[in-house]
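Take a look at the structure set out below.
The values are calculated or read from the model by the stated rules, or taken from the named source; none is laboratory data. Computed from a predicted structure; not experimentally measured. All Cβ positions, glycine included, derive from the backbone under ideal geometry; neighbour counts span all protein chains shown.
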Amino acid sequence: MNVGWRRAIWGATAALCVCALSVVSVRSQAAPPGAEMAETVFQNVQVLKGIPVDEFMDTMGMFAAATTKDCTGCHSPQVLTDSRDAFAVVTPMIQRARQMVVMMNTINRTYFGGETRVTCYTCHAAKDIPEWVPNLEIQYGTPPLPNPDTLRFVSFPDDADQVNELFASYIQALGGAQAVAGMTSLVARGTYSGWDTSRSPVPVEIFARAPGQMTTLVERTEGTNSYVFDGTNFWFAGVDAAVPNYTLTYTGGNLSGARVDSQVLVAPSLIQASYDSWQVSEDFVNDELVTILQGTKEGETPVNLFFNEAGLLVRLIRWADTSVGPVPTQFDFSDYRAVSGVQRPYRWVKSWTNNQATFVIEEYQMNAAVPDARFARPEPVALR
Ligand code: HEC
Ligand code: HEC
């Protein structure tokens, strides 16, 4: 059964404004060449057809986040012991989840004009069985904090002067326009620890070149995970590949996200011009007042940049749109120190629905020669 509900108008943006909060759905641009559809790569795709493999894996992240089930909460435990083929094994929970996709699509098509307004998260909100009785503790207790990962829009109009000032103070806080312009490449070495490494630190190397290329190599004991953004394409190959011997081509918000990630690292002065417009808001991060700049661009999901009072970027949130709703990716940057006159973060935590990883940088090399070959499409890794 193919749920042919995907929006026909590619790249159109639709915002539903509910007070200061709103939800954006930007269906991914036409998938870049080399991005294969899930049903051609996996064995038993029944409802999530016609979407690229990275988007398919992001839907698994949404499923897990919404229901708080890990992969084996729905999939056969054979996935832990047998080959990755076991993900195709049908379980009662998988059948139930397939019904949920069909139900959700019907609701959105019938009542929300085909927008992905009701997602798995709308009902489940991090519970396997959604609530159905009001909770008086919540009604009369301290209201819960707003979810920082919801797409946020500001309640006041654009103020171009304020936006220019904020970007100028960011560049100033980094060390000034001249120092920032002098940064043409960098190499960072340190450690990575995530759920995929059972939280143990393993070596990580990052190579980046202005105006925006970035390769991250995570040296897992089982083999290397390579994430390569060559300025246009974003690929993944490694021991965490979705299927054996596979190089993944990222699409949509994962692809535009790689662009801003590389700019944050090596070309911060280019971020402002990479989006069509910016809006300003305020919030708190770790009890510190932050200014939020939200960048939007036709056909892309937005990016939110959180600057502290010193003008440094302390958080970045971006989204990848999937057929079951948007999933956030968040970076929390800290421990800024000067490297050749430019403040660089020595620590950041990257959180997304499939993983959370901490990067601790031990050494930066500014303007080291980084050969083109570092940004070549990574070769797939053979897996069992
Ligand atoms: C809430 C239930 C649920 C959770 C949690 C879940 N999945 Fe799935 N998964 C499904 C369903 C349903 C399908 C089939 C989709 C379809 O038929 O279109 C599927 C299919 C897959 C497939 C394709 C298998 C094939 O060859 O056909 C892979 C790979 C996969 N899931 C990986 C994962 C990973 C990795 C995780 C953990 C991050 C995960 N899933 C978490 C429900 C779930
Ligand atoms: C309109 C509300 C709604 C939406 C949207 C929704 N669900 Fe559900 N879901 C439910 C309810 C209600 C139940 C519990 C039914 C029951 O009591 O057994 C449930 C149960 C489930 C279960 C069984 C859980 C268990 O442990 O027994 C799974 C798995 C599931 N949903 C997955 C999903 C996924 C994946 C999505 C997104 C594609 C989704 N649901 C979207 C309302 C929803």
Every residue from the range 58-90 that is closer than 28 Å to E131 by Cα, within 7 Å of ligand 1 (Cβ to nearest atom) and either touching a helix residue (DSSP H, G or I) at 6+ places or on another chain (Cβ under 9 Å) or among the acidic types (D, E) (or both): M60, F63, A64, T67, K69, D70, C71, G73, C74, H75
Residue match in the range 301-322 (condition: part of a strand (DSSP E or B), more than 16 Å from ligand 2 (Cβ to nearest atom) and among the hydroxyl-bearing types (S, T, Y)): no
Whichever residue in the range 65-114 is small (G, A, S) and within 9 Å of ligand 2 (Cβ to nearest atom) and, among such residues, is nearest to V243 (Cα to Cα): G73
Any hit, the range 53-63, residues being of a type outside the set (A, V, I, L, M), at pLDDT below 95, within 28 Å of R318 (Cβ to Cβ) and within 14 Å of ligand 2 (Cβ to nearest atom): no
Residue match in the range 124-140 (condition: at pLDDT 80 or above, more than 16 Å from ligand 2 (Cβ to nearest atom) and either of a type in the set (G, A, S) or in contact with a Lys or Arg (Cβ under 7 Å, 6 or more places away or on another chain) (or both)): no
Elements of type helices (runs of 4 or more DSSP H) contained in the range 126-222, each with 3 or more residues being within 27 Å of S262 (Cβ to Cβ): 160-174, 177-181
Hits in the range 248-285 (condition: of a type in the set (S, T, N, Q) and either modelled with pLDDT under 95 or in contact with a helix residue (DSSP H, G or I) (Cβ under 7 Å, 6 or more places away or on another chain) (or both)): T251, N254, Q263, S269, Q272, S274, S277, Q279, S281
Any hit, the range 17-35, residues being at pLDDT 85 or above, within 25 Å of S351 (Cα to Cα) and either crowded, with 17+ Cβ neighbours inside 10 Å or not assigned by TED's automatic domain parsing to the domain that holds V303 (or both): yes
Qualifying positions in the range 91-124 - surrounded by 15 or more Cβ atoms within 10 Å (Cβ to Cβ), in contact with a helix residue (DSSP H, G or I) (Cβ under 9 Å, 6 or more places away or on another chain) and not β-branched (V, I, T): M93, A97, M100, M104, G114, E115, R117, C120, Y121, C123, H124
Options V349, V339, V327; residue that is within 16 Å of ligand 2 (Cβ to nearest atom), assigned by TED's automatic domain parsing to the domain that holds F234 and modelled with pLDDT of 95 or more: V327
Odd one out for Y170 among (1) over 24 Å from S269 (Cα atoms); (2) in contact (Cβ under 8 Å) with a residue 60 or more places away in the chain: (1)
